[in-house]
Amino acid sequence: MSNQHEKPAFSKKSSGVILKDVTKIFQQPDTGKDFVAVNHIDLEIQDGEMVTLLGPSGCGKTTTLRMISGFEYPTSGNIFIGERDVAKIPPNKRGISMVFQSYALFPHMNIWENIAYGLRVEKLPQDEIIRRTNDVVELMQLKGMEKRFPNQLSGGQQQRVALARAVVIEPSVLLFDEPLSNLDAKLRESMRDELRALQKRLGITSLYVTHDQSEAMAISDRVVIMKDGNIMQQGSPMEIYEQPTSRFVANFIGKANFIDGTFKGRDGEAALVDVGRHTFSIPAPGKMAGVTEGGACCLAVRPESILLSKEEGPLPGTVSRATYYGAKVEYEVILGDQPIIVEVYNPQLTERFAEGDQVHMTLIDRCVRVLP
């Protein structure tokens with residue numbers, strides 16, 4: 001979102017969100033058995049922070065969002081917005097706004113009327129409705145489109161209107177339910193950047209749900225990875241990508257190779273891991289929870305953290321596939337009987353390899369993590 005205009009005079013009502021030991025259990029209609037959608041989770045979203053819930057289908061991220069919004073009530077636990085426990089309070093009493101995947105615009109209202117709708121429901125004075133609506137129209141770069149109807153707008157413009165309608169009521173918390181999934185790839189990327197710029201500019205506490213990993217990485221202060229109703233790991237996008245604490249997280253965010261080895265012990269802060277006939281010294285191995293000396297472990301290595309060469313190296317292999325993508329070449333290299341994915345960027349400046357070539361792999365050891 002362009003910053004060429006001064007920020008409109010929105011009141012600062014943003015506040016943090018805290019979930020304490022929150023559980024949601026559904027009864028399955030076909031079997032009558034209980035299904036635990038969210039399992040005793042604790043989560044804190046700081047005032048003004050943008051947090052993304054990320055995970056596979058059925059992990060509990062949308063149920064968590066719906067409990068914060070009030071569309072579902074938790075089976076147990078507390079949900080605080082600011083200092084209020086809102087776990088049993090209806091959605092319209094929580095001071096939140098939600099941006100939906102489908103935009104949910106009123107087709108019979110023009111853009112200005114759509115944006116002003118929430119203010120009219122609140123029965124604010126007409127002059128305040130006009131002022132706040134016009135401020136948001138300018139903020140969202142919708143000036144000149146006020147009299148158009150939703151079906152006269154592009155997908156990106158409709159998304160801006162949906163955002164404007166959510167922002168105009170000056171919510172304490174802004175919730176996003178996969179808001180960009182209906183847009184094409186290029187527009188989604190550009191809208192993602194606009195969303196992030198807007199959220200930072202207004203400082204509204206925000207929770208974002210998506211299944212798109214790159215979207216989560218680009219838009220978030222913090223990413224929360226969920227699986228089977230549990231929080232597996234949370235941290236900044238950099239922490240999640242560079243310091244995964246489990247194979248699930250490493251494999252879910254981006255791509256990861258898992259090279260089986262044996263943990264031989266420590267050398268100061270470094271971990272010593274045997275792979276084949278070579279002992280690797282890993283300077284920053286991570287938390288290594290569940291790894292025991294003399295026991296099996298694996299090296300988690302991102303595809304871009306492996307160097308390929310025809311010269312001697314610690315891990316010999318054979319190229320089984322080479323796929324050219326323009327900005328990179330992706331190689332599949334067979335190590336023993338295990339396929340290893342290697343990504344080489346700027347292929348015009350690097351050595352090329354063909355299927356059947358014998359190569360050697362060298363790990364960039366500071367980028368490797370040791371996992372059970």
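The values are calculated or read from the model by the stated rules, or taken from the named source; none is laboratory data. Since the structure is predicted, the reported quantities are computational estimates derived from the model, not experimental observations. All Cβ positions, even for glycine, are placed from backbone atoms using ideal geometry, and neighbour counts span all protein chains on display. Heavy atoms of the whole protein, side chains included, go into the accessibility calculation; ligands, DNA and RNA do not. Shrake-Rupley method; radii C 1.70, N 1.55, O 1.52, S 1.80 Å.
Residues whose amide H falls under 5 Å from that of Phe176, counting only those 5 or more places apart or on a different chain, are Val99, Leu207, Tyr208, Val209, with hydrogens built in the peptide plane. Under 20 Å Cα to Cα from Lys186, which lysines show up? Leave out anything in the same chain fewer than 8 places away. Candidates past the 8-residue exclusion: Lys328.
For the chain, the longest principal axis of the C-alpha atoms and the axis of helix 155-168 are separated by about 60°. Within the chain, the longest run free of exposed loop sites, counting GluC sites (Glu not before Pro) that sit outside DSSP helix and strand states (H, G, I, E, B) and have at most 14 other Cβ atoms within 10 Å, spans 123-268.
Express the Stokes-Einstein translational diffusion coefficient of the stretch 298-372 in µm² s⁻¹, to the nearest whole number, given a Kirkwood radius over alpha-carbon pairs, 25 °C and a viscosity of 0.890 mPa s. Here the translational diffusion coefficient equals 196 µm²/s. Close amide H contacts of Lys328 (hydrogens built in the peptide plane, cut-off under 5 Å, sequence separation of 5 or more or a different chain): none are found.
Taking each residue as 0.36 nm, the span from His40 to Lys186 lengthens on full extension beyond its C-alpha to C-alpha distance by 48.8 nm.
Residue by residue, what Karplus-based ³J(HN,Hα) values in Hz, rounded to whole numbers, does the stretch 281-287 have, using 6.51, -1.76 and 1.60 with θ = phi - 60° and x for Gly and Pro? Listing the rounded values in order: 9, 9, x, 9, x, x, 6 Hz.
A 1.4 Å probe over all protein chains sorts His108, His211, His278, His360 by accessible area into His108, His211, His278, His360, starting with the largest.
What size of dipole, in debye to the nearest 20, comes out for the stretch 156-271 about its Cα centre when the only charges are +1 on Lys and Arg C-beta atoms and -1 on Asp and Glu C-beta atoms? With only Lys, Arg, Asp and Glu charged at Cβ, the dipole is about 120 debye. The Cβ shell under 11 Å around Met98 holds other residues with a net charge of +2, Lys and Arg each +1, Asp and Glu each -1.
The sum of -39500 (n - 2.57) across all DSSP H runs of n ≥ 4, divided by the residue count of the chain, sets its helix-only mean residue ellipticity at 222 nm to -7000 deg cm²/dmol.
Beta bridges assigned by DSSP with both partners in the chain are antiparallel in approximately 75 percent of cases. Measuring nothing but protein heavy atoms, the accessible surface of the stretch 1-145 at 1.4 Å probe radius is 51 percent carbon and sulfur. Karplus-derived 3J(HN,Hα) values for the stretch 254-271, using 6.51 cos²θ - 1.76 cosθ + 1.60 with θ = phi - 60°, are x, 10, 8, 9, 10, 9, 5, x, 10, 7, 9, x, 10, 10, x, 7, 7, 9 Hz; glycine and proline are entered as x. Listed by chain and number, the aspartates and glutamates whose C-alpha is less than 14 Å from the C-alpha of Lys24, apart from same-chain residues fewer than 8 away, are Asp34, Asp42, Glu72, Asp228. The alpha carbons of the stretch 100-173 stretch over 31, 26, 22 Å along the principal axes, in descending order. Axis angle, to the nearest 10 degrees, between helix 185-202 and the longest C-alpha principal axis of the chain: 60 degrees. For the listed residue pairs Lys33/Lys88; Lys123/Lys200; Lys93/Lys255; Lys33/Lys287, the alpha carbons are over 32 angstrom apart in Lys93/Lys255; Lys33/Lys287. Once the 1.4 Å probe is applied to the protein heavy atoms, the chain comes out at 48 Å² accessible per residue. Backbone amide hydrogens, once placed in the peptide plane, bring Asn257 within less than 5 Å of Val301, Arg302, excluding anything fewer than 5 places away on its chain.
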